[in-house]
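First the structure, in the form of structure tokens, and then the observations on it.
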Amino acid sequence: MPRTISLPVIPLREAVLFPGVTVPIGAGRPATLAAIEAALAEPQRLVFVSAQRENAEEASPEILYTIGTIARIMQVQRGASGMQLVLQGERRGIALRIAPERDYLLATVREAEELPPLDPHAATYQALLREARERAAELGGKAGLPREAVQRFLADVDDPGQFADAVAAHLELAVAERQALLETLSVEERLRRVLVFLQRQIAVLDAQEEIKSKVQEEIGGRQREIYLREQLKAIQKELGGDGRANDADALREKLAALPLPEAARKEVDRELGRLERMAGESMEAQVIRTYLETIAELPWGKRSEEHLDLARAAEILERDHFGLGEVKDRILEFLAVRSLRQRATPTAATSPGEAVDARAGGAESDASAKDAGTGRAPILLFVGPPGVGKTSVAQSIARAMGREYVRISLGGARDEADIRGHRRTYVGAMPGRIIQGMKQAGTKNPVFLLDEVDKLGVSYQGDPSAALLEVLDPAQNDSFTDHYLGVPFDLGEVLFIATANFIQSIPGPLLDRMEVVEFSGYTEREKLEIAKRFLLPRQLREAGLSAAQLRIGDDALLAAITGYTREAGVRQLEREIGRLARKVARRIAAAELEGASIDPAEIERLLGRPKVHPERAAAADQIGVATGMFYTPVGGDIMFVEATTMPGKGELVLTGQLGDVMKESARAAWSYAKAHAAEFGIDEQEFAQDVHIHVPAGAIPKDGPSAGVTMSVALVSALARQPARHDLAMTGEITLSGRVLPIGGVKEKVLGAVRAGITTILLPLANEADLGDLPADVRARLTVHAVSHLDEVLALALRGAALHEGHLTFAAVERPAADTAH
């Protein structure tokens, strides 16, 4: 029967004491020192040593393992910071109870009995014991222990349980693994676990030795390679060789096959010579090799074969895009010119052999061949609001011509090195975006899209738009020099296409090098067709729906266009259609319905309240209120200019966040009205009052000269007490003498007025030709008055007004007693 004793507790942090093992420990915690003193007071000097489950500063019964080791204190040495003592493990013990006793922990411990093997003479048990002893000897040898010491250790320990404990004490194990071995009372199971840990540690040592030998071998091989390379150079020099390194042969052959210009060939040969004279592992050699590999990857002579079939090009453009008639015409004109020049190429070249010789002979011959062939391509600039198809048209051009397509975005680029690259003297230098794009294309004549060219930035690092001047100049870009390459590269065969939203943001010299192709916004009818042909099928595919599962009628699409989008393009419209498709897909996936047919009422139920509230035509004529037209990048619309008189000192008050140009137009209208007050039937006393002109939507900044006509009508209407027509929208700039000058954005402005329900339009005479940009169905519904003088404007815009022999007259109209302006 195992005996039970009470022993002071010594808790161990990050350690486990095995029976039969002697270890030194340091003690400094007050409770531990008190436990040691209590044990020293007894003749047997026994303690219960238990490991902590967690690394706490103060030990408590809850964090101590219940199975530990009954140990004897062999030696004690006191010091200023605590005690140093030697503990010898006696046997395993199980703590039945651990509780505080004065200043330390006291444990009631029962000795644990080990479980011997069922048959000590069994072959499996004997094989396990022998394998464990052999692996222990092998581990001792690999760990660098003397062989005699290992043999002595194995000879001194005969008992299998003691052997397992002694080996476990010398293994590199975690505390939890050591504690698990301590708690294993079965001798055979403990031997088996120890053998597993022995095998694992031997495998770790083997892997460590293998890694060490490989590293030493690699270092030695590299040093040997350097030594042999230097010997080879010396031998080649003695034999009169050129010192060419074997690892540069493939690169030299690749570069030799390229039709490089003379300047590039000279630079490549010089860098190759430098590469072969230096060690391959040096940093400078790596830089030179990267440079030469970049040269080798550029398309110096590789071209895409063009397929300039105008009928096919027209078919591709028509299939990919709806509308954009002028844009398509300009692109087809460009392709037609290239086709004719390409046909003239055989008559310009003497023979195919001479053409090949000219191409391989240098840049001058190559340029002459190019001039005789397709010629220098113009630089096209696509200008228009977002979402109207500028980028996709460029892709269609590349597909129609059979050329590679490359796109780089210049939005936010603020460093000249983005365009021209970094010089090779800088660490991490690399070519600019132009050369990288050419490497990506792999041909000398791709379609190269420079996206968002109006959003280039300027910083202390340079002006990237200035670096583009050479790229986009057909007379200079055949010798474009990237800072990284350091040699000219021919960009003359590249078809550059730039895109921009605002032409005013492009510097003048850069704009001068490009041919502007304007993209205007789509009308509602055009958006409807685009939605039916392109947007709806694409969103159905993305939502996993078929055409039968979701049907959206024309009226529903028009409701989405007018009530939920306010844009020149169709991006937001596609998002709204996608929202519809996803909502229907969710209900179909939940088996709530099998399909849906969307009408305008269903549009509002699915998408919520309309987000866009465009202006509508006024319901009746009003004094001092005139209807104008304005243009924004997202389309045109109408606005109301309101004027009213009030007691004051004869001052003109302007509100509505007006810019300087609009304020000047208002003052010009004021001066013209004062100068011609008698003709307009305005009492001189009216000018003694203050006049307030306001343009609603006061939170939105407004500027531009085209509101001059509208302000004049509103001002004269308020002063002459004559109502202005509510069914007439107008635009135009005025001068102090009353002339009406032309303005821009006629198409968008007129479409905005038609959308608001107004079909009678007043335009400057010089803008009459711009009506040809309007769709035929819109032009058929319009009544347009082209005017050249403000008197004509007032005769048309004010009720009861007419021009008689060049003078403005008013019919008898009952005038209200006070102004009414809304």
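The values are calculated or read from the model by the stated rules, or taken from the named source; none is laboratory data. The structure presented is a predicted model; accordingly, all values stated were derived computationally and were not measured. Note that each Cβ is placed from the backbone with ideal geometry, even for glycine, and that neighbours are counted across all protein chains shown. In case anyone asks, the SASA skips ligands and DNA or RNA and just uses the protein heavy atoms, side chains included. Shrake-Rupley method; radii C 1.70, N 1.55, O 1.52, S 1.80 Å.
Go through region 491-522 and give me each residue that's part of a loop (DSSP other than H, G, I, E, B) and out of contact with any strand residue (DSSP E or B) (no Cβ under 7 Å at 6 or more places or on another chain). Reasoning before the result, please.
Within region 491-522, the first condition is being part of a loop (DSSP other than H, G, I, E, B), and the residues that meet it are 491-494, 501-502, 506-507, 513-514, 519-522.
Hits for region 491-522 are GLY492, GLU493, ASN501, PHE502, PRO507, ARG513, SER520, TYR522.
Filter region 577-620 down to the residues that are among the polar types (S, T, N, Q) and within 26 Å of GLY752 (Cβ to Cβ) and list them by number. Let's see the steps before the verdict.
Start the filter on region 577-620 by keeping residues that are among the polar types (S, T, N, Q), which leaves 597.
Listed by number, the list is empty, since nothing qualifies.
Going by what's in this entry, would GLU748 be described as among the charged types (D, E, K, R) and free of Cβ contacts under 8 Å to residues at least 60 places away in the same chain? It would help to see each step written out before you state the result.
Values: among the charged types (D, E, K, R): yes; free of Cβ contacts under 8 Å to residues at least 60 places away in the same chain: no.
The answer is no for GLU748.
Any residue at all in region 421-431 that is in contact with a strand residue (DSSP E or B) (Cβ under 8 Å, 6 or more places away or on another chain) and among the polar types (S, T, N, Q)? Before you say what the answer is, go through the steps one by one.
Taking region 421-431 first, the residues in contact with a strand residue (DSSP E or B) (Cβ under 8 Å, 6 or more places away or on another chain) are none.
The answer is no; no qualifying residue exists.
Among the numbered criteria (1) of a type outside the set (Asp, Glu); (2) surrounded by fewer than 18 Cβ atoms within 10 Å (Cβ to Cβ); (3) at pLDDT 80 or above; (4) assigned to a loop (DSSP other than H, G, I, E, B), which one does PRO816 miss?
(3)
Given the residues ASP242, ASP247, which is the only one that is open to solvent by 100 Å² or more (accessible area, probe 1.4 Å), at pLDDT below 75 and either assigned to a loop (DSSP other than H, G, I, E, B) or not basic (Lys, Arg) (or both)?
Values: ASP247 fails: open to solvent by 100 Å² or more (accessible area, probe 1.4 Å).
None of the other options fit; the residue is ASP242.
Does ARG193 satisfy the condition of being of a type in the set (Lys, Arg) and touching an Asp or Glu at 6+ places or on another chain (Cβ under 9 Å)?
On the way: of a type in the set (Lys, Arg): yes; touching an Asp or Glu at 6+ places or on another chain (Cβ under 9 Å): yes.
Considered against the rule, which asks whether it is of a type in the set (Lys, Arg) and touching an Asp or Glu at 6+ places or on another chain (Cβ under 9 Å), ARG193 comes out as yes.
Just one of ARG78, ARG97, ARG72 is under 30 Å from PHE153 (Cα atoms) and either open to solvent by 20 Å² or more (accessible area, probe 1.4 Å) or outside any strand (DSSP E or B) (or both); which is it? It would help to see each step written out before you state the result.
Working: ARG78 fails: under 30 Å from PHE153 (Cα atoms); ARG97 fails: under 30 Å from PHE153 (Cα atoms).
Checking each option against the conditions leaves just ARG72.
Taking the condition open to solvent by less than 50 Å² (accessible area, probe 1.4 Å) and free of Cβ contacts under 8 Å to residues at least 60 places away in the same chain, does GLY595 pass?
On the way: open to solvent by less than 50 Å² (accessible area, probe 1.4 Å): yes; free of Cβ contacts under 8 Å to residues at least 60 places away in the same chain: yes.
For GLY595, the condition - open to solvent by less than 50 Å² (accessible area, probe 1.4 Å) and free of Cβ contacts under 8 Å to residues at least 60 places away in the same chain - is met.
Can you say whether ILE758 is outside any strand (DSSP E or B) and open to solvent by 10 Å² or more (accessible area, probe 1.4 Å), as far as the supplied structure shows?
Values: outside any strand (DSSP E or B): yes; open to solvent by 10 Å² or more (accessible area, probe 1.4 Å): no.
No, not satisfied.
Take the conditions open to solvent by 30 Å² or more (accessible area, probe 1.4 Å), farther than 18 Å from SER788 by Cβ and in a strand (DSSP E or B) and apply them to HIS726. Does it pass?
Values: open to solvent by 30 Å² or more (accessible area, probe 1.4 Å): yes; farther than 18 Å from SER788 by Cβ: yes; in a strand (DSSP E or B): no.
Against the criterion (open to solvent by 30 Å² or more (accessible area, probe 1.4 Å), farther than 18 Å from SER788 by Cβ and in a strand (DSSP E or B)), HIS726 does not qualify.
Could you pull out every one of the strands (runs of 3 or more DSSP E) wholly within region 370-485 that has 1 or more residues that are open to solvent by 20 Å² or more (accessible area, probe 1.4 Å) and at pLDDT below 90?
In region 370-485, the matching strands (runs of 3 or more DSSP E) lie at 405-409.
Please give the helices (runs of 4 or more DSSP H) falling wholly within region 128-188 in which 3 or more residues are farther than 17 Å from LEU17 by Cα. Even if it seems obvious, please write down each step before you answer.
Details: elements: 147-156, 160-170, 175-183.
Answer list for region 128-188: 147-156.
Listed here are the residues, each with its yes/no results for (1) at pLDDT 90 or above; (2) loosely packed, with under 14 Cβ neighbours inside 10 Å; (3) within 52 Å of the chain's Cα centre (by Cα).
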| site | (1), (2), (3) |
| --- | --- |
| LEU658 | no, no, yes |
| VAL661 | no, no, yes |
| ALA668 | yes, no, yes |
| GLY681 | no, no, no |
| PHE687 | no, no, no |
| GLY698 | no, yes, yes |
| LYS702 | no, no, yes |
| ALA707 | no, no, yes |
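What tally of residues in region 141-168 results from selecting those that are among the acidic types (Asp, Glu) and open to solvent by 90 Å² or more (accessible area, probe 1.4 Å)?
Here is the first cut: in region 141-168, the residues among the acidic types (Asp, Glu) are 148, 156, 158-159, 165.
This time we only want the ones that are open to solvent by 90 Å² or more (accessible area, probe 1.4 Å), so: 148, 156, 158.
Residues that pass the stated criteria total 3.
Among the listed residues LEU540, LEU535, LEU550, which satisfies the condition of being open to solvent by less than 40 Å² (accessible area, probe 1.4 Å), more than 31 Å from the chain's Cα centre (by Cα) and hydrophobic (A, V, I, L, M, F, W, C)?
On inspection, the qualifying residue turns out to be LEU550.
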